[in-house]
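The structure under discussion appears below in the form of structure tokens.
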Amino acid sequence: MSRQFKVEMKKRFSMSDLGLLSYYLGIEVKQGRDGITLSQNAYAMKILESAGMMKCNPCGTPMEARLKLSKKCEDEVIEPTAYRSVIGSLRYLVNTRPDIAFAVGVVSRFMEAPTKDHWVAVKHILRYLKGTIGYGCKYGRDTELKPFLLGFSDSDFAGDSEDRKSTTGVAYFLGKNLVTWASQKQKIVALSSCEAEYVAGATAACQGIWLSRLVGELMGIGETPVKLLMDNMSAIALSKNPVHHDRSKHIDTKYHFLLECIEEGKVEVDHVGTANQLADIFTKSLGRVRFVELRRALGVVDVQQV
């Protein structure tokens, strides 16, 4: 099918076949019989070099567990240009490094007036990169004719110490391979952990529906239901039966999109234990053991040893 596609493209456009993709916009691609790996080793090295961190000592996690940063920090304000430059580079690196998505998202909140405390947190991420410079995403071959979309949705509760907003974590697997992920601050202040998880579920549902349509178009099949796993039973019950009691009647109607998707059979919501909640890595800073466990589950490995 790929050969036929190339023939048709050459008929329409003036182009040449350069063989298998190996490098694109800073992303290194290795394709073999066992699968494909994506990494940004050279790009990560450039980030360390520009930040003067080439000889730094590595560390095991991108952020200290339970670290709280604030805009009201009384530490000395630093020059923001260099800070913003490093953050911008790190955000692009997240394209192949989902393990740093949460940490980069947190330090991105202080680009307006960064302080020394914020810069220390950024350097912690860079030290983690130094120790995992060869890491990237591994995608194995899937023998299923119709790979199944499996999503994980999670949220912390009031994790931001200033505005008390929560952080949404979303991860989607196509078969056994991670294809998309997100760690983003919610736009509303949730009044309970149930509401925070419900809002995260609605965000995940939107992403899942879009992915289902995309996969259907690419594979020439119809749109298939998406399975979404959440670890909060109250949020699951609310998504299936939105009784407007005191805990849920104030929730914005746009977040009830999740209910509509369930009723139409587009999304199937099920419970997953907290220990198996893979999106947990996108909602909070974790200890080393738990972090390494989730990093491995996401398929982030040392691609130089694959």
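The values are calculated or read from the model by the stated rules, or taken from the named source; none is laboratory data. Remember, predicted model here, so these are calculated numbers, not experimental data. With ideal geometry, Cβ positions are generated from the backbone for all residues, glycine too; neighbour counts draw on all protein chains shown. Accessible surface areas use protein heavy atoms only, side chains included; no ligands, DNA or RNA. Shrake-Rupley method; radii C 1.70, N 1.55, O 1.52, S 1.80 Å.
Any chance you could run the full-extension gain for Gln4 through Asn57? It's 0.36 nm times the residue separation minus the Cα-Cα distance, nm to one decimal. Numbers along the way, then the final one.
Working: separation 53, 0.36 × 53 = 19.08 nm, distance 5.07 nm.
Extending this stretch completely gives an extra 14.0 nm.
Cα gyration tensor of segment 79-166, axes a ≥ b ≥ c as square roots of the eigenvalues: rounded (a/c below 1.5), prolate (a/b > b/c) or oblate?
Numbers: a/c = 2.91, a/b = 1.57, b/c = 1.85.
Note, shape of segment 79-166 comes out oblate.
If you take the square roots of the eigenvalues of the alpha-carbon gyration tensor of segment 50-123 and sort them as a ≥ b ≥ c, do you get rounded (a/c under 1.5), prolate (a/b over b/c) or oblate?
Details: a/c = 1.41, a/b = 1.30, b/c = 1.08.
Note, shape of segment 50-123 comes out rounded.
What's the longest bit of the chain with no exposed chymotrypsin sites (Phe, Trp or Tyr not before Pro), using DSSP loop states and at most 16 other Cβ atoms within 10 Å as the test?
149-306
How much of the accessible area of segment 54-192, probe 1.4 Å, is carbon plus sulfur, in whole percent?
Details: 3510 of 6770 Å².
Accessible surface attributable to carbon and sulfur in segment 54-192 totals 52 percent.
Hey, if we sort Lys6, Lys185, Lys30 by accessible area with the 1.4 Å probe, largest down, what's the order? Show your work: numbers first, answer last.
Details: Lys6 90, Lys185 65, Lys30 110 Å².
Ranked from most to least accessible, the order is Lys30, Lys6, Lys185.
Is the shape of segment 162-306 best called rounded, prolate or oblate, per the rule: a/c under 1.5 gives rounded, else a/b larger than b/c gives prolate, else oblate, with a ≥ b ≥ c the square roots of the Cα gyration tensor eigenvalues? Don't skip to the end; give the middle numbers.
Numbers: a/c = 2.11, a/b = 1.20, b/c = 1.76.
Taking the square roots of the gyration eigenvalues as a ≥ b ≥ c, segment 162-306 is oblate.
Most mobile of Ser89, Ser22, Ser239 per a Gaussian network model of the chain (Cα springs, under 10 Å)?
Ser22
Provide the net charge surrounding Val267, with neighbours chosen by a C-beta distance below 12 Å and charges set as Lys +1, Arg +1, Asp -1, Glu -1. Don't skip to the end; give the middle numbers.
Numbers: positive: Lys227, Lys240, Lys266; negative: Glu223, Glu260, Glu263, Glu264, Glu268, Asp270.
The answer is -3.
With contacts defined as alpha carbon pairs under 8 Å and 6 or more residues apart, what's the relative contact order of segment 3-155 in percent?
Working: 159 pairs, mean separation 47.9, N = 153.
Relative contact order of segment 3-155: 31 percent.
Which residue, Phe148, Asn177, Leu229, has the largest displacement toward the positive end of the dipole of the chain when charges sit on each Cβ (Lys, Arg +1; Asp, Glu -1)?
After comparing all options, I get Asn177.
Among Gly60, Ser285, Gly265, pick out the residue whose Cα is farthest towards the positive end of the charge dipole of the chain, where Lys and Arg carry +1 and Asp and Glu carry -1 on C-beta, about the Cα centre.
Farthest towards the positive end: Gly60.
When the Cα centres of segment 50-122 and segment 149-225 are compared, how far apart do they sit, in Å?
About 24 Å separates the Cα centre of segment 50-122 from the one of segment 149-225.
When only C-alpha pairs under 8 Å and at least 6 residues apart count, what is the relative contact order of segment 74-122, in percent?
Working: 37 pairs, mean separation 27.2, N = 49.
Answer for segment 74-122 is 56 percent.
If you take every residue apart from Cys137 with its C-beta less than 13 Å away from the C-beta of Cys137, what net charge results, scoring Lys and Arg +1 and Asp and Glu -1? List each step's numbers first, then the result.
On the way: positive: Lys30, Arg97, Lys138, Lys176, Arg295, Arg296; negative: Glu28, Asp99, Asp302.
That sum, taken over residues with Cβ under 13 Å, equals +3.
Quick one: net charge of Gly105's neighbours, Cβ under 13 Å, K/R +1, D/E -1? Mind showing how you got there, number by number?
Values: positive: Arg91, Arg97, Arg109, Lys165, Lys185, Lys284; negative: Asp99, Asp156, Asp160.
In short, +3.
Given points 7 Å out from each Cα along the Cα-Cβ axis, report the Thr180 to Glu217 separation in nanometres with one decimal.
Each label point lies 7 Å from its Cα, and together they span 1.2 nm.
What 222 nm value per residue comes from the helices of the chain, counting each DSSP H run with n ≥ 4 as -39,500 (n - 2.57) and dividing by all residues, nearest 500 deg cm²/dmol? Walk me through the numbers on the way to the answer.
Details: 9 runs with 111 residues, N = 306.
It comes out at -11500 deg cm²/dmol, rounded to the nearest 500.
Enter the accessible area per residue of segment 33-103 (Å², integer; probe 1.4 Å; all protein chains in place).
So segment 33-103 comes to 57 Å² accessible per residue, rounded to a whole number.
What dipole magnitude, in Debye to the nearest 20, does the chain give about its Cα centre under +1 on Lys/Arg Cβ and -1 on Asp/Glu Cβ?
Values: 41 positive and 35 negative charges, 189 e Å.
For this selection, approximately 900 debye.
Taking the Cα atoms of the chain, what is the range of coordinates along each of the three principal axes, in descending order and whole Å?
Principal extents (largest minus smallest coordinate, Cα): 61, 54, 36 Å.
Over the chain, what is the relative contact order in percent, taking alpha-carbon pairs closer than 8 angstrom and at least six residues apart? Mind dumping the intermediate values first?
Values: 513 pairs, mean separation 61.1, N = 306.
Result for the chain is 20 percent.
Counting just the Cα atoms, what span does segment 112-217 cover along each of its three principal axes? Round to the nearest Å and put the largest first.
Taking the Cα atoms of segment 112-217, the three principal extents are 51, 39, 21 Å.
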